[in-house]
Amino acid sequence: MAPPRVRNILFGLAVVLVGATGFAALAVAQGSPLPHTAQAQDGTGASPWDRQENAVVKQADAWFENYKFRDGESIPRLRIHYATLGTQHRNDQGDIDNAVLVLHWTGADGRALLSPTYMKALFDRAQPLDAHSYYLIFPDSVGHGQSSRPSDGLRAGFPNYGYGDIVDLQHKLVTETLGIKHLHAIIGMSMGGMNAWQWTEAYPDAMDGVMPVVSLPIKVSGRNMLWRRMVINDIRADPDWNSGHQAAERLAAGL
C-alpha cells in the first residue's frame, strides 16, 4: 500500500481530474475562453485540449538500437519522445526522489497532458502535481506522437507491439535514459491507466503509488472491442488497403 502522503496526493488528483474535465467541457460549451496561467499562456493556445508544443517544458528523444519487441520482432532504431516539467530533487543517496510519470490515452501523446486545462488544474503552484515540487515526465508511448510509429514509413511492416511493449519502453526511458531508480508515482489516463496497472504487476517496487484514471484492470469490454474491430475491418476493406501500403497521398490526406 502507498504511504499516507502518496495516498492523499492521489486522492487529490482524483478530485482535480474530475473537476478539470467538467471545467473544460463547460468552457467549450459556453464558447468562452479558458483562463490561463502564465505557464499555459507560454506553451499553448486557447483550446483546453490543444496539442501544440508547450514552451515551458523540455523536449527530448531517447533512442534504442536494434530494439526487440516481446513477440520477437525488432526494429533497427526506435525513438521514444518525451517531455519533462519541473526540477529533479535528489535524496541523501543522490537518487532522484520526486519523479512522477504521467501517461496519455490512446491516440494522444504527451502534448495532450500539457494543455491549458491540465497545466492549470494539476501542475500550477499548490496543485496536486505542482511542477515546483515534482519532476514530471510525459512520454509519447510507442506508436503515438513523435515516438516511432507505423506511419513513419514502415506502415504494415512496423513490428507488432502491445501494452506490454509500451510499458517496457516506458521503464527503459525512466531507468536507463533518465537514471531514475524509483518513481514517486505513476498517473495514467485510459490506456495510460492500463499501463499504470501493468507497471504494478511488472515492476511492483518501482513506484510509491499509481493512479489509473478511467481504467479498470479487466478485459476490454464487448462494446469497446466491437467498435475497435469495426474500425479495423473498415480500414482493411478499403480497396486501396494493399496490406497496409496505401498510396502516400491517401495517407497524407488521412484517407
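The values are calculated or read from the model by the stated rules, or taken from the named source; none is laboratory data. Keep in mind the model is a prediction, meaning the values are calculated, not measured. Every residue, glycine among them, receives a Cβ derived from its backbone with ideal geometry; neighbour counts consider all protein chains shown. SASA here: full protein model, heavy atoms, side chains in, ligands and nucleic acids out. Shrake-Rupley method; radii C 1.70, N 1.55, O 1.52, S 1.80 Å.
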For the subset of the range 202-225 comprising residues that are touching a helix residue (DSSP H, G or I) at 6+ places or on another chain (Cβ under 9 Å) and not hydrophobic (A, V, I, L, M, F, W, C), which member is most open to solvent (accessible area, probe 1.4 Å)? Lys219
Could you give every pair whose Cβ atoms fall below 7 Å, whose first residue belongs to the range 203-221 and is over 9 Å from Gly193 (Cβ atoms), and whose second residue is modelled with pLDDT under 90 and surrounded by 14 or more Cβ atoms within 10 Å (Cβ to Cβ), counting only separations of at least 6 or pairs across chains? Asp208/Ala2; Asp208/Val6; Gly209/Ala2; Gly209/Val6; Gly209/Arg7; Gly209/Leu10
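Residues checked against (1) of a type in the set (Lys, Arg); (2) assigned to a strand (DSSP E or B); (3) touching a Phe, Trp or Tyr at 6+ places or on another chain (Cβ under 7 Å); (4) modelled with pLDDT of 95 or more:
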| residue | (1), (2), (3), (4) |
| --- | --- |
| Asp208 | no, yes, no, yes |
| Arg223 | yes, no, no, no |
| Trp227 | no, no, no, no |
| Ile235 | no, no, yes, no |
| Ser243 | no, no, no, no |
Set Leu183, Leu173: member being farther than 21 Å from Ser74 by Cα and hydrophobic (A, V, I, L, M, F, W, C): Leu183
Counted residues in the range 175-206 being more than 17 Å from the chain's Cα centre (by Cα) and assigned to a loop (DSSP other than H, G, I, E, B) come to 8
Inside the range 60-98, the number of residues satisfying the requirement of being within 15 Å of the chain's Cα centre (by Cα) and more than 17 Å from Leu169 (Cα to Cα) is 1
Output the residues belonging to the range 116-161 that are closer than 28 Å to Val220 by Cα, open to solvent by less than 30 Å² (accessible area, probe 1.4 Å) and in a loop (DSSP other than H, G, I, E, B). Asp140, Ser141, Val142, Gly143, His144, Gly145, Ser147, Ser148, Phe158, Pro159
Which residue pairs have Cβ atoms under 6 Å apart, sit 6 or more places apart or on different chains, and have a first residue in the range 66-89 that is under 16 Å from Leu183 (Cβ atoms) and a second that is open to solvent by 70 Å² or more (accessible area, probe 1.4 Å) and among the basic types (Lys, Arg)? Thr84/Lys58
Taking the range 104-142 as the region of interest, how many residues are within 15 Å of Leu173 (Cα to Cα), out of contact with any Pro (no Cβ under 7 Å at 6 or more places or on another chain) and not β-branched (Val, Ile, Thr)? 6
Evaluate the range 90-109: report whether one residue or more is surrounded by fewer than 18 Cβ atoms within 10 Å (Cβ to Cβ), over 19 Å from Gln59 (Cα atoms), modelled with pLDDT under 95 and not β-branched (Val, Ile, Thr). yes
